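The values are calculated or read from the model by the stated rules, or taken from the named source; none is laboratory data. All of these numbers come straight from a predicted model, not from anything done at the bench. Here the Cβ positions follow ideal geometry from the backbone for every residue, glycine too, while neighbour counts run over all protein chains shown. Accessible surface areas use protein heavy atoms only, side chains included; no ligands, DNA or RNA. Shrake-Rupley method; radii C 1.70, N 1.55, O 1.52, S 1.80 Å.
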Amino acid sequence: MIVSIEKCHHCGACVGSCPKNAIFLNDLVLVFSDECNRCGRCVKLCPVGAITMEAKK
Amino acid sequence: MRKIEKDIVVVGAGPAGSMTAKHAAKKGARVLMIEKRQEIGSPVRCAEGISKHWVEEVGITVNNKWVAREVRGAKIKSPSGHTFLVDEKNAGNEVGWVVDRVLFDKALAADAARAGTEIMVKTSATSLIWENGKIAGVRAQTYGEPIEIRAKCVVGADGYESQVGRWAGIDTSLKADDIDTCYQYRLTGIDYDPDYCEFTLGSAAPGGYVWIFPKDEDTANVGIGVQLSKVKHPADPKMYLDKFIAKRPGLKKGQPLEAVAGAVSICAPLDSVSMDNLVLVGDAARMIDPITGGGISIGCIAGMCAGKVLAKGVKANDLSMNTLQEYETMWRDRLENKQWRNWMAKEKLTTLSDETLDKIVHTFSQYGVEKLSVQDLLAVIKRHHPELVKEFEELI
Ligand SMILES: Cc1cc2nc3c(=O)[nH]c(=O)nc-3n(C[C@H](O)[C@H](O)[C@H](O)COP(=O)(O)OP(=O)(O)OC[C@H]3O[C@@H](n4cnc5c(N)ncnc54)[C@H](O)[C@@H]3O)c2cc1C
Ligand code: SF4
Ligand code: SF4
């Protein structure tokens, strides 16, 4: 998962919405854990579209 | 590692946390409230609208410092522009104030401090301490230093992004239908009616609404909530809001003072928000009105319930469910029915087409509604559009 720091408002909305609890807001930086199953919810949830999913490696 | 010992540790200094802390400390509990931000109340993630009727009940003294504007009521707008006016006549004390959350949250935290609560800012809870299978406090970082806060009960008042409940294993996960994703500007230099909160329903904000909440004569919080299940593309909420503003000349000429992102839960009440030595309050417990997305009043009322019960538990030296069950009973008696009813109403409302919403709002505006209750509203629809009522049968 890639977060645009230019767009992100650090609001924590994605953190509270992730079904796997895979997102952490450390001060102003979003961190994704291995728990993420790439369901894509956070990508749609972010009201400013700051999160994108990188292509699967 | 530095250790602190208290009766109660409250994680999060929003309205729900401060209210819990105040009511527990007032009755003699030793309370520590920790807040990860450097400033309580800031940055604001809220449209700042509240009704008036509950404020006295929870012991908040109204102060002009945090009342930004008193409004006469609300205008509910249908997609094609029919307006239903809600005012003191039909809503009584439901109409209210637009507050300044930066000052409101601080005032509530100050009340908690006056009651004896200790507060630490820039202090973030990082995990629960478990001892012999029981919750015994939280680990935290304060100014970068790891500390242990031992307490007989942990209060998760950590808002929408809540971790405390998840650490404890309480299921606070949400369906996409039960989340509104939100965006807001504070716009200044606008032309609008600064005496009413305005709500626009329908496809301008799929599954949610656009709000205009007055801050002063030419400044308002203009925002949007969109149901997550109805988001088609990333950044839809901001796109819909920008579109709405562009269409209204009075708003279009405004300039933003700030932008706010966020989300609210619009779910049914959770089955359980407490366990031995831990309670959740406010947004962390998903206590939000599913119709309005408002959570300040509910969080404060639940916080008061929690604080009172926690103080009892400290006196009895028992913060197991034996004591905490009373918290569940108290908040449910006071709040659960309405959250259920409004959740069911939301499930229905979010399925209605623009045409149906037009019909409903038009009916209300034409024939009037004596009292703003789901029953009364449905009675009016039934009289004039019986065909629509079958959609709402289970609510009656
Ligand atoms: C865009 C938007 C508009 C809204 N408009 C309205 C409205 O008009 N009226 C209304 O009634 N409600 C509104 N709400 C909802 C309202 O903001 C919340 O219901 C209310 O703030 C809940 O209070 P709370 O105390 O539960 O949580 P919050 O106010 O969110 O407080 C939680 C606190 O916990 C802190 N915290 C989080 N994690 C930790 C941690 N690990 N350690 C320490 N501290 C932590 C946070 O920094 C925060 O200060 C709106 C919400 C949004 C997103
Ligand atoms: S929801 Fe978007 S703006 Fe908010 S913290 Fe997540 S990435 Fe940032
Ligand atoms: S893709 Fe799904 S699981 Fe992964 S971080 Fe986003 S919401 Fe969580």
**The one condition in (1) assigned to a strand (DSSP E or B); (2) open to solvent by 70 Å² or more (accessible area, probe 1.4 Å) that residue B:224 fails to fulfil** = (2)
**Message:** So, residue B:193, is that one more than 16 Å from ligand 2 (Cβ to nearest atom), acidic (Asp, Glu) and within 20 Å of the chain's Cα centre (by Cα) or not?
**Reply:** no
**Prompt:** Within the range A:32-42, which residues are away from chain B (no Cβ under 11 Å) and open to solvent by less than 60 Å² (accessible area, probe 1.4 Å)?
**Reply:** A:32, A:33, A:36
**Prompt:** How many residues, within the range B:278-304, are among the hydrophobic types (A, V, I, L, M, F, W, C) and either modelled with pLDDT under 95 or open to solvent by 10 Å² or more (accessible area, probe 1.4 Å) (or both)?
**Reply:** 4
**Prompt:** assigned to a loop (DSSP other than H, G, I, E, B), within 8 Å of another protein chain (Cβ to nearest Cβ), within 13 Å of ligand 3 (Cβ to nearest atom) and open to solvent by 20 Å² or more (accessible area, probe 1.4 Å) - does that describe any residue in the range A:8-26?
**Reply:** yes
**Prompt:** What helices (runs of 4 or more DSSP H) completely inside the range B:333-396 contain at least 3 residues that are touching a His at 6+ places or on another chain (Cβ under 6 Å)?
**Reply:** B:354-367
**Item:** Filter result (surrounded by fewer than 19 Cβ atoms within 10 Å (Cβ to Cβ) and over 24 Å from residue A:10 (Cα atoms)) within the range B:245-267
**Value:** B:246, B:247, B:248, B:249, B:250, B:252, B:253
**Item:** Subset of the range B:140-196 [within 9 Å of chain A (Cβ to nearest Cβ) and among the acidic types (Asp, Glu)]
**Value:** B:161
**Request:** Scan (1) within 11 Å of ligand 1 (Cβ to nearest atom); (2) part of a strand (DSSP E or B) for the single condition residue B:108 breaks and write down its number.
**Result:** (2)
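Tell me which residues, restricted to the range B:150-195, are aromatic (Phe, Trp, Tyr) and surrounded by fewer than 22 Cβ atoms within 10 Å (Cβ to Cβ).
Answer for the range B:150-195, where residues must be aromatic (Phe, Trp, Tyr) and surrounded by fewer than 22 Cβ atoms within 10 Å (Cβ to Cβ): B:167, B:192.
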**Item:** Top-ranked residue of the range B:21-52 - restricted to ones that are more than 23 Å from residue B:143 (Cα to Cα) and over 15 Å from the mean Cα position of the chain (by Cα), ranked as most open to solvent (accessible area, probe 1.4 Å)
**Value:** B:26
